[in-house]
1. Among the candidates G38, G31, which residue alone is touching a helix residue (DSSP H, G or I) at 6+ places or on another chain (Cβ under 7 Å) and small (G, A, S)?
2. Filter the range 131-183 down to the residues that are among the charged types (D, E, K, R), out of contact with any Leu (no Cβ under 8 Å at 6 or more places or on another chain) and in contact (Cβ under 8 Å) with a residue 24 or more places away in the chain and list them by number.
3. Which one of A87, A72, A92 is among the aliphatic types (A, V, I, L, M), modelled with pLDDT of 95 or more, out of contact with any helix residue (DSSP H, G or I) (no Cβ under 9 Å at 6 or more places or on another chain) and within 22 Å of N117 (Cα to Cα)?
4. Please specify each residue of the range 175-189 satisfying the condition of being closer than 18 Å to V135 by Cβ and part of a strand (DSSP E or B).
5. Is there any pair linking a residue in the range 27-45 that is farther than 16 Å from N63 by Cβ to one that is in a loop (DSSP other than H, G, I, E, B) and among the basic types (K, R), with Cβ under 9 Å and at least six apart or on different chains, and which?
6. For the range 1-49, enumerate the residues that are surrounded by fewer than 21 Cβ atoms within 10 Å (Cβ to Cβ), part of a helix (DSSP H, G or I) and not hydrophobic (A, V, I, L, M, F, W, C).
7. Select, from D143, D106, the only residue that is exposed (fewer than 13 other Cβ atoms within 10 Å of the Cβ) and under 30 Å from V82 (Cβ atoms).
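The values are calculated or read from the model by the stated rules, or taken from the named source; none is laboratory data. All of these numbers come straight from a predicted model, not from anything done at the bench. For neighbour counting, all protein chains shown are included, and Cβ atoms are generated from backbone atoms with ideal geometry for every residue, glycine included.
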Amino acid sequence: MEVLIVLNGNVSLEYLKGLVKGHDKVIAADGAVAKLLGIEARPDYVVGDMDSADNEILEQLENEGVEIVRAARESDLTDAEVAVRKALEIGAYEITMTGTSGGRVDHTFANFGLLMNPDVSVPIHICEDNFEAFVVRDKEVFDSVPGRTISLIPLAIEVKDIWTDGLKWNYMGDSLHIGTSRGVSNEVVSSPVEIAVGSGAILVIHYKERLN
């Protein structure tokens, strides 16, 4: 089951429409339910502490059969993590998150951190209007377009034996250390792109255009 999690950050309604159509189930995190209603879509679940969702809307959705999962206001989990846990509970084998970035930089970092959560056994992709992000622990092959910007950010003290194909500056068994900027602003030259690592993990940020 492919599950889409909609968070209350920045995502255009037009882009959101396409994401909704491509997933089996949709989970809205708290106030993000308004984004779905804005494109005349209904979530299958609404989760969170409900500090930003309209109570009347929640009551109406509940009457229509939408499951409302209320987390405690004093919970030490973000709404995004509650949503990921719900996705796993209902049998997701792949999770997409959107609306991950907004005004709160701490929430943005926490949302990206979920890609590395050791309790999550299925792949999570972040998909936004102008980029996608995912973690490579072994090998990934994906389609792209020559000229697009791509960045590889190490997520371990040392990520070893990195091999890539399809990039302007390919890696041939190189290592990257956490905190380095060496992997930022590479460029796609051919598709598909291949990225493999021998040990450690890399965050891939794949932009949908060339960046200056």
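1. Details: G31 fails: touching a helix residue (DSSP H, G or I) at 6+ places or on another chain (Cβ under 7 Å).
One residue alone meets the criteria, G38.
2. E132, R137, D138, K139, E140, D143, R148, K160, D161, D165
3. None of the other options fit; the residue is A87.
4. S175, L176, H177, N186
5. Close Cβ pairs (under 9 Å, with a partner that is in a loop (DSSP other than H, G, I, E, B) and among the basic types (K, R)) amount to L36/R42.
6. Passing the criteria: E14, Y15, K17, G18, K21, G31, G38.
7. D106
Okay, residues lined up against (1) under 24 Å from L37 (Cα atoms); (2) assigned to a strand (DSSP E or B):
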residue: V69; (1), (2): yes, yes
residue: A80; (1), (2): yes, no
residue: V84; (1), (2): yes, no
residue: I95; (1), (2): yes, yes
residue: D119; (1), (2): no, no
